[in-house]
Amino acid sequence: MNAVKVEEVSKSYGGFRLDGVSFAVRKGFITGLIGPNGSGKSTLIRMMMQMSRPDGGQIELFGQRLDRDAAQLRERIGYVSDENYFYEHLTLKKMTKIIAPFYKNWDSELFGNYLHRFELPENKKIKELSKGMKMKFSLAVALSHAAELLVMDEPTSGLDPVFRRELLDLLTEQMQDEERTILFSSHITSDLDRIADYLVFVNRGKLVFEESKDEVLERHVLVKGGTELLDADVRTLFLGLRETGVGFEGLMSDRERAERTFGNMALIERPTLEEIVYFTAKREGVRVHA
Amino acid sequence: MLSVVYLIRKDILLVYRYMLLLLPFFLYMAWAQIGTLLVYVTVPAIFMLITSCTFDMQNTNPRFTASLPVSRTQVVLSKYASLAPFTLIGLLFAAVLQGGAALLNLDAGSFRLTEIALVIAINVAVASLYLPLYFWLGPKGMQIVRLVFIMIVAIGSSTLGALSQRSDLLQRWLGGSVQGAGMIWGTVCLALVVLLGASVFLSLKLYAKQDI
């Protein structure tokens, strides 16, 4: 069962094109939407929230098409954005007073617990809060109306490491209830390394892969060796290649092939997600001459 | 339907403190135009509408409304409907001022039904022109439009107020003692309904496909 299904979605604006992207967000799991800045992650999320309309293709939430105004579906979504979208001149108390009536399942007690847990001062204006505190408030709102799907657009960008870790722990905690689904976009791959079950990788408006995190990490290999191992044919095997004066490191998407090709002549390692994103984003190869 | 009510409530909560800051300005306007209900009611009501629209368009605020479980149709309708409580607040403001003026033995005019109807008509007409522009232009183009509308409302209503004080014909018309006044009112109402209908239709069309 999918919480979100994106089918052949395309969108063009200001020189950017999202090109026939399809993927699914499985119910009960954390899916990481990864890719470099400007790859189309936020556009995809905005389309799921109906803040932006696709030029082509379609999106389904909980099995229902998003073609028309699907206001009732947003009742089931908790949205957390990288940027504060609440009214800056209001206090948290007043902002909550505005938000709460819109949700049938708003749980004031639970919300109060989150405010307490996050040490959020109710009488402080939103503009007086730090970025981390604004994010905590956004998260408290998203978690207090029994949302089945949490859609989080770069929630950890600009946060200090302590709160980032707290946030990831909180999300893991949320997954104890298997009914909840999380879609978490980030270019900070170490966060997704820690919590994601599935990964959707978009780059330059195109889908690169959609797989379980374990499969992605198992399939890809990072090969390190001397430049004498590289010739024109070998170079084509790499998704991305980085050469220096003393050697190279490159990413391959086929472990067996890497082992057959290089054997003991090169070092074959399991890459991090960051390395996979880096080398794939730089598909043509980055040459650094030391 | 309930969502529209919550959206109107949101708009009132957004602007009421801001309006308190503008109270001295409104008081000055009222004092300068004493005897003219038009100024007391029109200016605060349209100011509140424009201010709530401004807050909704600032920074990333459009995403807030878009993240709520409300449809875009409800968002548009709520902006038009919010004119009703804003006009009511304007009327209450006028009533309080009239009461205050009476205590000070100043002539603050009277609450004639025709004058209230004219105020409502002006508010509806201004909102019908303003809101499609608001939904069309978004945050970038609205800064100039907002300024222009505030000036039109402030200058226009005070000019009309002064005119109504000095023009015998307008006074008689507002008093309902002009022959054919009913016909004029009927035409005005019809024109307003057409204008409002076209405005709502246009706003719905413009906002339905807008990327936020």
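Taken together, the values in this text are just the output of simple stated rules run on the coordinates, not laboratory data. Just so it is clear, the model here is predicted, and its values are computed rather than measured. Backbone-built Cβ (ideal geometry, glycine too); neighbour counts: all protein chains shown.
Listing for the model above:
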| quantity | calculated |
| --- | --- |
| Counting DSSP beta bridges with both ends in the protein assembly as shown, the antiparallel % (nearest 5) | 65 |
| Compactness relative to 2.2 N^0.38 Å, alpha carbon Rg of the protein assembly as shown | 1.26 |
| Residue-span extension gain [A:Trp106 to A:Arg17] - 0.36 nm each, minus C-alpha spacing | 28.3 nm |
| Mean residue ellipticity (222 nm) of chain A, computed from DSSP H runs ≥ 4 via -39,500 (n - 2.57), nearest 500 | -8500 deg cm²/dmol |
| For the range B:69-109, Kirkwood radius (reciprocal of mean inverse C-alpha pair distance, Å) | 12.3 |
| Mean-position separation - Cα centroids, the range B:67-105 and the range A:104-156, in angstrom | 31 |
| Cα-centre dipole for chain A with unit charges at Cβ (Lys and Arg positive, Asp and Glu negative), debye to 20 | 960 |
| Backbone HN-Hα couplings from phi across the range A:193-200 [Karplus 6.51/-1.76/1.60, Hz, Gly and Pro as x] | 3, 7, 10, 6, 9, 10, 10, 10 |
| Relative exposure of A:Ile34, B:Ile120, judged by other C-beta atoms within 10 Å (fewest first) | B:Ile120, A:Ile34 |
| Expected-Rg normalisation [2.2 N^0.38 Å, Cα atoms] applied to chain A | 1.12 |
| GNM top mover of A:Thr156, A:Thr236, A:Thr280 - chain A, alpha-carbon springs below 10 Å | A:Thr236 |
| Amide proton proximity set for A:Gly56, modelled H, under 5 Å, gap of 5+ | A:Ser10 |
| Exercise: per-residue mean of other protein chain Cβ atoms within 10 Å, A:79-90 | 5 |
| Percentage, to the nearest whole number, of Cα pairs in the range A:1-108 over 23 Å apart | 37 |
| Cα-centre dipole for the range B:2-209 with unit charges at Cβ (Lys and Arg positive, Asp and Glu negative), debye to 20 | 660 |
| For chain A, built as a Gaussian network whose Cα springs stay under 10 Å, the top-fluctuating residue of A:Glu173, A:Glu83, A:Glu228 | A:Glu228 |
| Cα-Cα separations in the range A:171-290 greater than 19 Å, expressed as whole percent | 50 |
| Calculated FRET value between B:Leu204 and A:Ser212, using beta carbons and R₀ = 41 Å, to 0.05 | 0.40 |
| Among A:Tyr198, A:Thr31, A:Ile77 - extreme Cα towards positive end, dipole of chain A, charges at beta-carbon | A:Ile77 |
| Extent along principal axes [Cα atoms of the range B:2-209; Å; largest to smallest] | 51, 39, 33 |
| Spacing of the two label points (7 Å from each Cα toward its C-beta) at B:Thr159 and A:Leu267, in nm | 8.0 |
| Most mobile listed residue (A:Ile268, A:Ile99, A:Ile59) in chain A, GNM with C-alpha springs under 10 Å | A:Ile99 |
| Pairwise label distance in nanometres, A:Glu122 with B:Arg166, each label 7 Å out on the Cα-Cβ vector | 5.6 |
| Which listed pairs, of A:Lys41/A:Lys93; A:Lys125/B:Lys10; A:Lys93/A:Lys127; A:Lys11/A:Lys104; A:Lys124/B:Lys140; A:Lys224/A:Lys282, have C-alpha distances above 23 Å, in listed order | A:Lys41/A:Lys93; A:Lys11/A:Lys104; A:Lys124/B:Lys140 |
| Student exercise, the protein assembly as shown dipole from Lys, Arg, Asp, Glu Cβ charges, in Debye to nearest 20 | 1760 |
| FRET E, pair B:Val148, A:Asp55, Förster distance 41 Å, beta-carbon r, rounded to 0.05 | 0.75 |
| Spherically averaged projected area of the range B:70-156 from its Cα convex hull (nm²) | 7.1 |
